[in-house]
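J.: For reference, the structure I am asking about is given below.
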Amino acid sequence: MSLINYASREINCKIVYYGPGLGGKTTNLQYVYGKMAPDSRGKLISLATEMDRTLFFDFLPLELGRVRGFQTRFHLYTVPGQVYYNASRKLILKGVDGVVFVADSQVERLNANIESLNNLYENLQEQGLKIEDLPFVIQYNKRDLPNVSSVEELERVLNPRKVPYFEGVATTGVGVFDTLKAVSKLVLRSLS
C-alpha cells in the first residue's frame, strides 16, 4: 500500500522483485542502480546471507514524476530466492504496490520458477492480497543462454493470465528498464 506524506507532498510506492534463487532479481536492481543519475537515486542497501551468495534484499528509491501534485518515489526490493528465507519474503511483501516476477529462462529451472510463483501467491494470500489485484509483470531473464525454454512455453506455464512480460538479460540490461517502466506505469495507474 502506497504511503502518502502530505507534509512533503510525496507518494512512496513499493515494488518487489520476486523469483527463484539466482534468477536475476538482484542483477536487475544492480543494473538499474548503476544506470541512474546519482542525484535521482537513493542508497543501495544489501544484506548478504550467511549461507548463500545471493543478496537478502535491496532498497532503491527512484523518483519518476508526479501524481496529482505529489512527487512519486519508488522503492525497489528483491526477496531472497531460497525457500529457507520464506519468512523474510513475507516481510518484504508487506505493503507491496507492484510485483515483478523474474523467471529464470533455463529449461532446468522451470520447476523452480513454478515453485517460486506458487510461493508468491501463497505469501500474498496470507496477507489478504491476490496477485490479480496488484500491478504485476513478468520478466523472462537469461534469454542469452543456449538452454532456454521458448517464450511460448514459459507463457503457457507461468503466465496464464497474460500479464505484460518482457524478455531480459539482466547482466547486460536487456529488458531491465522496460520491465521497470511497465510495472511503474501500472502502479501509477492504480493510484489514479
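The values are calculated or read from the model by the stated rules, or taken from the named source; none is laboratory data. Please read all numbers here as calculations on a predicted model, not as lab measurements. Because the Cβ atoms are built from the backbone with ideal geometry, glycine has one as well, and the counts that use them run over all protein chains shown.
J.: Of the residues that sit in segment 66-87 and are hydroxyl-bearing (Ser, Thr, Tyr) and without any contact (Cβ under 8 Å) to a residue 60 or more places away in the chain, which one is nearest to MET36 (Cα to Cα)?
T.: Residue satisfying both the conditions and the ranking: TYR85.
J.: How many residues does segment 1-25 hold that are outside any strand (DSSP E or B) and at pLDDT 90 or above?
T.: 7
J.: Are there any pairs with C-beta distances below 8 angstrom linking a residue in segment 128-144 that is over 23 Å from ALA112 (Cβ atoms) to a residue that is part of a strand (DSSP E or B), with the two at least 6 apart or on different chains, and if so which?
T.: Listed by first residue and then by second, the contacts come to PRO135/GLY98; PRO135/VAL99.
J.: Right, another one. Output yes when any residue across segment 35-44 is out of contact with any strand residue (DSSP E or B) (no Cβ under 8 Å at 6 or more places or on another chain), surrounded by 20 or more Cβ atoms within 10 Å (Cβ to Cβ) and either modelled with pLDDT of 80 or more or more than 26 Å from GLU153 (Cβ to Cβ) (or both), and no when none is.
T.: no
J.: Also: Among the residues of segment 165-185, count how many are more than 18 Å from VAL148 (Cβ to Cβ), free of Cβ contacts under 8 Å to residues at least 40 places away in the same chain and buried (at least 18 other Cβ atoms within 10 Å of the Cβ).
T.: Looking only at that region, the number is 0.
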